[in-house]
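Here's the structure, in structure tokens; my notes come after.
Read-outs throughout are calculated quantities, based only on the coordinates presented, and are distinct from any laboratory measurement. Values in this document were obtained by computation on a predicted structure and should not be read as measured data. When we count neighbours, we look across all protein chains shown, and the Cβ atoms used for this are built from the backbone with ideal geometry, even at glycine.
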Amino acid sequence: MNRRTVLRSASVLATVGLAGCIQGVQEHFGLQGVVPVEIHNSGSQSYKIQLQARELGNDRRSYNEQYSVSPNETAYPPHLGRTEQSLQVVLFDEDNEQEQVEAVSITSDTEFVSIELTDAGMVIEVDRADDAANETVTNATNDSSAANGSTEPTTAGNETTDSDADSAS
């Protein structure tokens, strides 16, 4: 084996090792993306709302915002990070008591979160990159399980499980 072959092999190995290192650095420091949030009040009175997000796995609070939204007003809170987390939305009544509590999951596929406030309650729509996985959460009455800390979302509309999506293909 001559010196040229040894040098070529060493440079190839160094390049391959460096490529893996660069990819790891890009994943760590790269942009994860953001998820825009919109709150619209189509009701006849002002509503107070609180948004809290917790990262899945370590339960660290990553987002905590409160708003008072007037009738026919739209609020644009700061964007959520596009990471695996649970978003809890709390609607308060006039006496600052929890009227409705809903939770939805935010994933790397989440593109937009829309919260519609009405006189009948709130509707949360989560748009995902895969249209079949869009989630709509509605509840026009007090939800005692959610008020007791349950984070299981009640869904209605167009949520599809992975097995449903596979069988439709």
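Per-structure values
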| quantity | calculated |
| --- | --- |
| Net lengthening on full extension, ASN64/GLU84 (0.36 nm per residue, minus Cα-Cα) | 5.6 nm |
| Per-residue HN-Hα couplings for segment 3-19 [Karplus 6.51, -1.76, 1.60; θ = phi - 60°; Hz; x = Gly/Pro] | 5, 4, 5, 5, 5, 5, 5, 5, 5, 5, 4, 5, 5, 5, x, 5, 4 |
| Sequence-distant residues sharing a close amide H with GLU111 (under 5 Å, placed H) | ASP127, ARG128, ALA129 |
| Formal net charge of residues neighbouring SER42 (Cβ-Cβ distance under 11 Å; K, R +1; D, E -1) | -3 |
| Segment 77-135: GluC sites (Glu not before Pro) in DSSP coil with no more than 14 other Cβ atoms inside 10 Å | GLU84, GLU94, GLU97 |
